[in-house]
Every structure is written in structure tokens, then in C-alpha cells.
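The values are calculated or read from the model by the stated rules, or taken from the named source; none is laboratory data. Because the structure is a prediction, the values reported are computed rather than measured. In this analysis, Cβ positions are derived from the backbone assuming ideal geometry, glycine residues included, and neighbour counts consider all displayed protein chains. What goes into the accessible areas is simple: the full protein's heavy atoms, side chains included, and nothing from ligands, DNA or RNA. Shrake-Rupley method; radii C 1.70, N 1.55, O 1.52, S 1.80 Å.
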Amino acid sequence: MSFAPTATVVLNHWVRILEALQKKVNRQSYDTWFKPTRFSHINGKTLYVRIPSTEFQHVGDRYENLIMEAIDNLGLEVEKVLFVTPQEDPSLPKVREDGGFAPQPDRSLTNARNNNARQSTNLPEQSRFDWNTAAQLNPRYVFDGFVIGSGNQFAHAAALAVAERPSKAYNPLFLYGGVGMGKTHLMQAIGHEVKRRNPHAAISYVSGEKFTNEMINSVRYDKMTSFRDKYRNVDVLLIDDIQFLAGKERTQEEFFHTFNALHESMKQIVIASDRPPKELADFEDRLRSRFEWGLIADIQPPDLETKVAILQKKAESEHTPLPTDVALFIASNVRTNVRELEGALVRLIAWCSLHGVEITLPTAQQCLKQFIDTQVRKITIEAIQRAVAEQFGMRVAELKQKNNSRQIVVPRQIAMYLAKQMTEASLPEIGRQFGGKHHTTVMHSIAKIDEQRRTDKDLNRTINKLMETLN
Ligand SMILES: Nc1ncnc2c1ncn2[C@@H]1O[C@H](COP(=O)(O)OP(=O)(O)OP(=O)(O)O)[C@@H](O)[C@H]1O
């Protein structure tokens, strides 16, 4: 990105640019993409800005015009703005080449450097970050921002216990649940809370994918020692989306040793996954069994009340009043996951501010019409049959056959139950689509699954998963 040279170079360029940008971009974008950035250094007419991770690299392209405009308006003598990760940042000598922060003995030095840098750049209050943490954790994912409901109560309590007594409460803590249910939020909240209680604690948050990629690079560039140091010298390891390691033998082997090293030295491990340990296919048994050593906590989809509370909490953090009827409207129409719920709210806030109107039920209905239409797009019985057949590894035709073996009956009953829940088809219509079953058979199947679902956690999870897939 190139910018025309202008006036005097001062050290707090980026702070001034940030102040200007804050007035131009919406709060959510600012908080997400700019707040975690910080001034690094200036070399000639190139301004280096530190970003927490490579995910932020698009900021330069996406906001190029606004950044250029701010530089022009401020009359800064800057030709180029370069966004660098802590690994790439030459002003951070204590960050190791493999992306890890220095191990414990060096930690105070790193902090001192960061503190000095922070003072010298005179960052505004809201840009002050603990970079040791910010490089890895999303500042929004704290316990305070997490709404507790029946579906996540247990996982929340377990996470809090771990944050309060790392390695003494449950080790490992294994969190699992569907897409966008708050696993990452909860596991990062543990990191923040541990750090709040003990600023010297070394926390590492890494996704299964990043762990794998870093390992591959370390093998390739002969840096296994520093890779091992990085993950075996932390106080708390938060590893997200562990299912990514499925079938990756070498990475699993490495993670196995990392796990053992941490566990033996009484360091906390928190793992998040989209499924429970016993359903992790292509995983070594020795790993799966270790995942079960501590506590396993699932996160179920939020009920309507929890969804309303989440929306209200998010609106509150945006300083936007959200009438209850609007929150109820969004919560009852967005059925997929919390991420989508947040997406609907962000869209509504942006739309209302753009059109200069208040958030009311009619404006919400108008603005979210298309969004919700896609959500409630017609789900057909055929689609349900396909999803169920795939889930149980059978053919759709088998669901319709006159076969009363248990392997066929249970999936068929589940499919009928889903057809009743997710389509508007009548009982006779459902019966017809399952090989001409009588409507009383359909009724019996639905009642049976409805009852079993309350007590059988595995069944309940399978149904939730199918609903998620279909949605
Ligand atoms: N109970 C909750 N209270 C407040 N916010 C929540 C809650 N659950 C989820 N969220 C929000 O929903 C979004 C998605 O959550 P998160 O990324 O933690 O989901 P996830 O389970 O890790 O999903 P994935 O499997 O896709 O990684 C986040 O912005 C998170 O803050």
C-alpha cells in the first residue's frame, strides 16, 4: 500500500490515525480490526503497525482508502503502512521466530519492553493491550460477555472452575458442541481469567489447524526444538478444534507428547472440539483416552430465552437499545447458531444507522427479511431423509422399506420426528413419504423420539447435529 509523503514524522502516528479511523468505521469493525493493532516503529517513511495475527493482514487492503485519507488529513510524512505480526516485527526482539513468546524466564523482560513501548507511544486507554495475551486471545471473549443458559451452564461452570484453579480443578477440560455455540468464547475466557488473576501466567491459544501447520513448518525448517519449547513451556494450553488433527498421525504424536509434558508438570490443558472424544474418528486411542482423563462438558444450542439474553447483551455492548419484541423476533427466527444470531443483530444495527431510523419491530422485519428467509428456507422431507441416511450410513430407500430391524427403525423414527419438527407436512403426508406408513405409526414414532431425547444425551446430540446440518 503506498501513500503520498506529507508532513512531520512523529512517533505516535498510528495512534492519531486510529483516532481518525474510529470516527469513520463502525464500532464493531473498529473494535475487531483496529483496536488490537498497535504502533510498532517507523523506518524512513514506512510506518510499521503490529497486528496480533495473520488474520489481520487484510486490514491494509480493506481499509486502504480510509487509512490513506487519515494520513493525508493529518499531514503525516508516511509513504507506506506495513502490517506485521509479532513474529515479523523487528521491534519485538523477545518474540521467537516460530511465533511463540519467550518462555518463562524471559517473560518479565518481554512485559517490561511491552510496557515501555506502550508508554512511549502514549496509546489511548482503549488501545491499551496486554500484548502477551492479545496476540492470541480475542478481547471480547471474556466470562462477563458470556450469557449462561441451560445448554451451556455446565460447560460455563467447568470453565470457571478451571480458570480459578488451573490444573487443580479438571485437567484436561474437554469442551464440545456444534458450530458457533461458544466453545472458543468459553475457552478464551479461561485464558483471560487466568491472566487476570496471574499476569505472569503463560497462556497459549492455538487452533488444531495452526498447531498442525506450525508443526509441519517446524519439521520442514528443522525447528522442532523451538516448536516444542513453545507449547511445552506454557501454564495453560488452549487448543481449539482438535478434530482437525484427525488422521494426522505425526501431529497427533507430537500433541500426545505435548499433552504428557504439560499434564505431568501440572499445567492446564483445555481442548475444544465439535464432538466428544469417543466420536473423534482417526484419532489414536491413547489420545482419545487422555481427553477423557479430566472433565468433558458439552454445549447445547441455546433456548429462546438465552438467545434473547445474548442479543440484549450484545446490543448493550454496542450501546444500542434493543426492544424486547425485536430481540424475540430475531431469536425465534434465527435458528442456526449464536454466530448467526450476532450476524443478524450487527446487520440490523448497521442498517438502522445507515437509514437513520430507530430499531423497531417493523424496521427489523424489513431489514432482516432476506436474512431470515434464507434461514427458514423450506426444508423438505427428502432432505431430512438424505441427512438421516448419511448420518447412519444407510440408503434413503432403506428408510422407506418394510423392515423393522432396530438399525432401520431408529433412524426412520428420527427422520419422522425431524419431518414433524422441521416441515409443515401432516402426519399422513409424512407416513406416505416413508413407504406408506399409517399416521398412527408416525405419531407413535414422533412421541417415542420426543421422550427418549429428554433422557438419552447421545440421541439428543445426534438430533441437534442433524437439525444443524439441515438448517
Ligand atoms: N452464551 C453466549 N453468550 C454470549 N456470546 C456467545 C455465547 N455463545 C456464543 N457466543 C458468541 O457467538 C459467537 C460464536 O461463538 P464461538 O466462536 O465461541 O463458537 P464455537 O463453538 O467456537 O464455534 P466453531 O465451532 O465454529 O469454532 C462468538 O461471537 C461468541 O461470542
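Note down the net charge around residue 45, summing +1 for each Lys or Arg and -1 for each Asp or Glu among other residues with Cβ under 11 Å from its Cβ. Overall, the nearby charge balance is -1.
Basic side chains Lys and Arg get +1 at the Cβ, acidic Asp and Glu get -1 at the Cβ, and with that the dipole of the chain about its Cα centre reaches some 700 debye. Pairs of Cα atoms nearer than 8 Å and 6+ residues apart set the relative contact order; for the range 133-299 it is 34 percent. Separation of the range 28-86 from the range 190-217 is 25 Å, based on Cα centroids. Relative contact order of the chain, taken over Cα pairs closer than 8 Å and 6 or more residues apart, is 12 percent. Relative contact order, whole percent, for the range 13-84 stands at 38, derived from Cα pairs under 8 Å and 6 or more residues apart. Calculated accessible area for the chain comes out at 48 Å² per residue, all protein chains present (probe 1.4 Å; ligands, DNA, RNA ignored). Per-residue ellipticity at 222 nm from helix content only, as computed over the chain with -39500 (n - 2.57) for each DSSP H run of at least four residues, stands at -16000 deg cm²/dmol.
Expressed as a whole percent, the accessible surface of the chain that belongs to carbon and sulfur atoms is 49, based on a 1.4 Å probe.
Between the residues 381, 353, 37, the greatest Cα displacement towards the positive end of the dipole of the chain, with unit charges on the Cβ of Lys, Arg, Asp and Glu, is found for 381. Across the range 193-286, what fraction of all alpha-carbon pairs, as a whole percent, falls in each successive 5 Å bin from zero upward? That works out to 3, 13, 23, 25, 19, 11, 5, 1, in percent per bin. Summarising the label geometry, the points placed 7 Å from Cα in the beta-carbon direction at residue 265 and residue 279 lie 3.5 nm from one another.
Once the chain from residue 293 to residue 221 is taken as fully extended at 0.36 nm per residue, the excess over their C-alpha distance is 22.5 nm. A straight Cα-to-Cα reach below 21 Å connects residue 80 with the lysines 24, 35, 45, residues fewer than 8 places away in its own chain not being considered. The C-alpha radius of gyration of the range 295-452, expressed as a fraction of 2.2 N^0.38 Å, stands at 1.32.
Seen against the Cα atoms of the chain and their longest principal axis, helix 324-333 is set at about 60 degrees. Rounded to the nearest 10 degrees, the angle from helix 406-422 to the longest Cα principal axis of the chain is 70 degrees. Dipole magnitude for the range 13-84: computed about the Cα centre from +1 point charges on Lys and Arg Cβ and -1 point charges on Asp and Glu Cβ, it is near 220 debye.
For the range 133-299, taking Cα atoms only, Rg and Dmax work out to 14.8, 48 Å respectively.
Taking 0.36 nm per residue of separation and subtracting the Cα-Cα distance, full extension of the segment from residue 363 to residue 65 would add 104.2 nm.
May I ask you to derive the FRET efficiency for residue 165 and residue 43 from their Cβ-Cβ distance with R0 = 51 Å, giving the value to the nearest 0.05? Efficiency, from the Cβ-Cβ distance: 0.65. Rounded to the nearest 10 degrees, the angle from helix 381-391 to the longest Cα principal axis of the chain is 70 degrees.
Just for the chain, what percent of DSSP beta bridges are antiparallel, to the closest 5? Counting DSSP beta bridges with both partners in the chain, the antiparallel share is about 25 percent. By the rule of a C-alpha distance below 16 Å, with chain neighbours fewer than 8 residues away ignored, the lysines paired with residue 248 are 210. Here the range 133-299 is treated with +1 on each Lys and Arg Cβ and -1 on each Asp and Glu Cβ, and its dipole about the Cα centre works out to around 420 debye.
The Cα center of the range 160-187 and the Cα center of the range 263-315 differ in position by 6 Å.
Projected over every direction and averaged, the convex hull enclosing the alpha-carbon atoms of the chain yields 25.2 nm². For the range 13-84, report the translational diffusion coefficient in µm²/s to the nearest whole number, using Stokes-Einstein at 4 °C, 1.567 mPa s, and a Kirkwood Rh over Cα pairs. The calculation lands on 107 µm²/s. Ordering 464, 445, 401 by the projection of their Cα atoms onto the charge dipole of the range 381-470, which places +1 on the Cβ of Lys and Arg and -1 on the Cβ of Asp and Glu, puts 401 at the extreme positive end. For the range 370-471, the orientation-averaged shadow of the C-alpha convex hull comes to 6.2 nm² (one quarter of the hull surface).
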